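First up is the structure itself, then whatever we jot down about it.
What follows is calculated from the coordinates using simple rules that are stated; it is not laboratory data. None of the values given here were measured: they were computed from a predicted structure. Here Cβ is always computed from backbone atoms with ideal geometry, including for glycine, and neighbour counts include all displayed protein chains.
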Amino acid sequence: MNSKRVNNGAEQRFILVFETGEEVIAGLSAFALEHKLDAASFTAIGAFHDARLGFFDWQTKEYQPIPITEQVEVLSLLGNVALDRGKPMVHAHVVLGKADGSAHGGHLLEAHVRPTLEVTLVESPAALIRRFDRETGLALIDLDASASARSNASVSDKMN
Ligand code: ZN
């Protein structure tokens, strides 16, 4: 994966280009860790050799797997990065197009790129904190915790 930091005033914008064979969630997670991203959003287009999507089952609180075992266009990939127990967590949803024009979509669990995936990632000025939610069994964005993280961040910014 190649990346380039593009200056855009207060917010940091990155362009990431994945190559054939690279796995998207692992690549984005490694990038978020390396660049200490605590809050970001991203969009992408490109194509996958294969993918594993998930549909969140409300009863079992688990993702029902949706395997995609053919070459598909990435029509739309949207996601964010937030802190979960201090580590950046990548959350992405995707709509994929098959050769017959039909679309399949879901929560992106895993995908292998072929031949490219072009990601635009924007780092948010304020940190987004995720907390484990007992009812859903999911790590959801906690805006209250995020607000205090932001004020702590601005204090430490002033100290720097
Ligand atoms: Zn999801």
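Along the charge dipole of the chain, pointing to its positive end and built from +1/-1 on Cβ of Lys, Arg, Asp and Glu, which listed residue (Phe14, Gln59, Gly105) has its Cα farthest out?
With unit charges placed on the Cβ atoms, the residue in question is Phe14.
Given the convex hull over the Cα atoms of the chain, what projected area results after averaging over all orientations, in nm²? It would help to have the intermediate numbers written out before the result.
Details: hull surface 41.0 nm².
Over all viewing directions, the chain projects a mean Cα-hull area of 10.2 nm².
In degrees between 0 and 90, to the nearest 10, how far off the longest principal axis of the chain does helix 24-34 point, with axes built from Cα atoms?
Computed tilt is about 20 degrees.
Dipole size in debye (nearest 20) for the stretch 1-93 around its Cα centre, Lys and Arg Cβ +1, Asp and Glu Cβ -1?
Using only the charged Cβ atoms, the result is roughly 420 debye.
Quick check for you: which residues of the stretch 91-116 have the amide N under 14 Å from the point 7 Å beyond the Cα of Ala30 toward its beta carbon?
Counting only backbone N, you get 111-113.
Can you give me the Cα centroid spacing of the stretch 76-142 and the stretch 1-72 in angstrom?
6 Å
Suppose the chain between Arg85 and Thr116 were pulled fully straight at 0.36 nm per residue; how much longer would it get relative to their current alpha carbon spacing? List each step's numbers first, then the result.
Values: separation 31, 0.36 × 31 = 11.16 nm, distance 3.17 nm.
Gain on stretching Arg85 to Thr116: 8.0 nm.
Report the local net charge at Ala40: Lys and Arg +1, Asp and Glu -1, summed over other residues whose C-beta lies under 12 Å from its C-beta. Provide the component values of the computation, followed by the final result.
Numbers: positive: Arg13, Lys36; negative: Glu11, Asp38, Glu123.
Here the charged neighbours net out to -1.
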